[in-house]
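I'd like to ask some things about the structure below.
The values are calculated or read from the model by the stated rules, or taken from the named source; none is laboratory data. Here the structure is a predicted model, which is why all the values come from computation and not from measurement. Note that each Cβ is placed from the backbone with ideal geometry, even for glycine, and that neighbours are counted across all protein chains shown.
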Amino acid sequence: MARLYFDHNATSPLRPAAREALIAALDAGNASSVHAEGRSARAKIENARGKIARHFGVRPELVVFTSGATEAANMVLRPALAGLACDRLLLGGGEHPCVVSGHGFAEAVRVALDGEGRLDLADLRAKLTGPGVPMLALQAANNETGVIQPVAEAAAFVHEAGGVVVCDAVQALGRVDCGFAATGADVLFVSSHKIGGPKGVGAAIFARRAVTPAEKLLRGGGQERGFRGGTENVAAIAGFAAAFSEVLAQGAAEMARLGALRDRIEADVLALAPEAVVFGAGAPRLQNTLAFALPGFSAETMVAALDVEGVALSSGSACSSGKVSASAVLGAMGVAPEVARCALRISLGWPNSEQEGVAFPDILAKVRQRMSQRR
């Protein structure tokens, strides 16, 4: 059997439609040029922008293409906005490193997670008290556990305090409704390669002009209506738009298919190892994500051993230069360090089949038995 790729929350393989659109646009001209080749490139970009804007119900000029979610987070998490100034930043306890390390505030206050990995709304309300305008950065769904966050409830509290909500919708896009109406957020950011589009492109999406950044992160030739300097990556944007269209067209049916596959794998893991711990099992989760631990088997060892057997999965976030290290998310959930060190993540996507789900437990059992003999 071909390798089992179970790491879509890190990167989902390029969809054929995205590959086709990407290749077709590789020779596109510079979108800032006024000749025919430039106008053709501009049309590709604006077509992509329009698709995203229509889906999120905003004007096209409120969609800004970036090099990915990390740049988008760095762009939008700034105190000075076009219509107001934010004085302090609150971060959900499980935020991605691009948020934790990428913001432009002097300091940030972390809001606790409960034992299932959801934001503690009581702790949020307590930390919203005080002077000044707050900004909350909260992901729609956690990249490691798949736990879906109560963004709408949190946004209601933040808006009551006169603040702004920035939502990392990277893992949620195409998996759950992460639009402005569903989340109550003021700013969203998304990434192409999590949905089967090209790497190196994403977007920041603003509900209104007042919450756009007052200062530009990348200064240059005034591209992206002045929000982001630099020649646009036309091919990547075209591929992103193709993946975006396809994932939205598949909709709930595809998520139901992946949910059934995830549930089967989860049941088989628990049958094989009743002592296994499933993280976030009592909370709403993305249907494609299973985070679990086999106590006594280190994640580093298991990831390597499963890789040898033809299975690609991870121990959590892939955004730490390839390191297998203790999960800050599981720590914020109160998971014991000796259990957190054993955490594995399966994240499914468009190419995964039922046959792969059937094959995985036998491979896991083989690896577990071999590892047991070495302990």
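Given the conditions (1) touching a Lys or Arg at 6+ places or on another chain (Cβ under 8 Å); (2) at pLDDT 95 or above; (3) part of a loop (DSSP other than H, G, I, E, B), report the number of the one that K216 does not fulfil.
Checking K216 against (1) touching a Lys or Arg at 6+ places or on another chain (Cβ under 8 Å); (2) at pLDDT 95 or above; (3) part of a loop (DSSP other than H, G, I, E, B), the one that fails is (2).
So which residues in segment 268-315 are assigned to a loop (DSSP other than H, G, I, E, B), more than 26 Å from R118 (Cβ to Cβ) and touching a residue at least 60 places away in the same chain (Cβ under 8 Å), if there are any at all?
G296, F297, G310
Another question, if that's okay. Which members of segment 50-80 meet the condition of being part of a loop (DSSP other than H, G, I, E, B) and of a type in the set (A, V, I, L, M, F, W, C)?
Of everything in segment 50-80, those that are part of a loop (DSSP other than H, G, I, E, B) and of a type in the set (A, V, I, L, M, F, W, C) turn out to be V58, L77.
Any idea which of (1) surrounded by fewer than 15 Cβ atoms within 10 Å (Cβ to Cβ); (2) among the small types (G, A, S); (3) touching a residue at least 40 places away in the same chain (Cβ under 8 Å) is the one A336 doesn't satisfy?
Answer for A336: the failing condition is (3).
Could you list, ordered by first residue, the pairs with Cβ atoms under 6 Å in which the first is in segment 13-35 and farther than 29 Å from R3 by Cβ and the second is modelled with pLDDT of 90 or more and not in a helix (DSSP H, G or I), at least 6 apart or interchain?
Note: pairs meeting the criteria are A31/E232.
Can you tell me which residue in segment 228-267 is farthest from the chain's Cα centre (by Cα), limited to those that are surrounded by fewer than 21 Cβ atoms within 10 Å (Cβ to Cβ) and under 19 Å from L188 (Cα atoms)?
By that ranking, first place goes to S245.
Got a number for residues in segment 151-209 being in contact with a Cys (Cβ under 6 Å, 6 or more places away or on another chain) and either free of Cβ contacts under 8 Å to residues at least 60 places away in the same chain or closer than 23 Å to L258 by Cα (or both)?
5
Turning to a different aspect of this structure: Has segment 96-104 got at least one residue that is out of contact with any helix residue (DSSP H, G or I) (no Cβ under 9 Å at 6 or more places or on another chain) and over 15 Å from D168 (Cα atoms)?
No: segment 96-104 contains no residue that is out of contact with any helix residue (DSSP H, G or I) (no Cβ under 9 Å at 6 or more places or on another chain) and over 15 Å from D168 (Cα atoms).
To continue, here is another question. Hey, can you tell me all the residues within segment 95-112 that are among the aliphatic types (A, V, I, L, M), surrounded by 18 or more Cβ atoms within 10 Å (Cβ to Cβ) and under 18 Å from the mean Cα position of the chain (by Cα)?
If the condition is that a residue be among the aliphatic types (A, V, I, L, M), surrounded by 18 or more Cβ atoms within 10 Å (Cβ to Cβ) and under 18 Å from the mean Cα position of the chain (by Cα), then V99 is the only one that fits.
Residue by residue through segment 1-29, note down the ones that are farther than 30 Å from A304 by Cα and either surrounded by 15 or more Cβ atoms within 10 Å (Cβ to Cβ) or among the aliphatic types (A, V, I, L, M) (or both).
Matches in segment 1-29: A17, A18, A21, L22, I23, A24, A25, L26, A28, G29.
Let's see how each residue does on (1) touching a strand residue (DSSP E or B) at 6+ places or on another chain (Cβ under 8 Å); (2) among the basic types (K, R); (3) modelled with pLDDT under 95:
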| position | (1), (2), (3) |
| --- | --- |
| A72 | yes, no, no |
| V76 | yes, no, no |
| C86 | yes, no, no |
| G92 | yes, no, no |
| H103 | yes, no, no |
| E107 | yes, no, yes |
| R110 | yes, yes, no |
| D120 | yes, no, no |
| A126 | no, no, no |
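Can we say D177 is in contact with a strand residue (DSSP E or B) (Cβ under 8 Å, 6 or more places away or on another chain), assigned by TED's automatic domain parsing to the domain that holds V111 and among the acidic types (D, E)?
no
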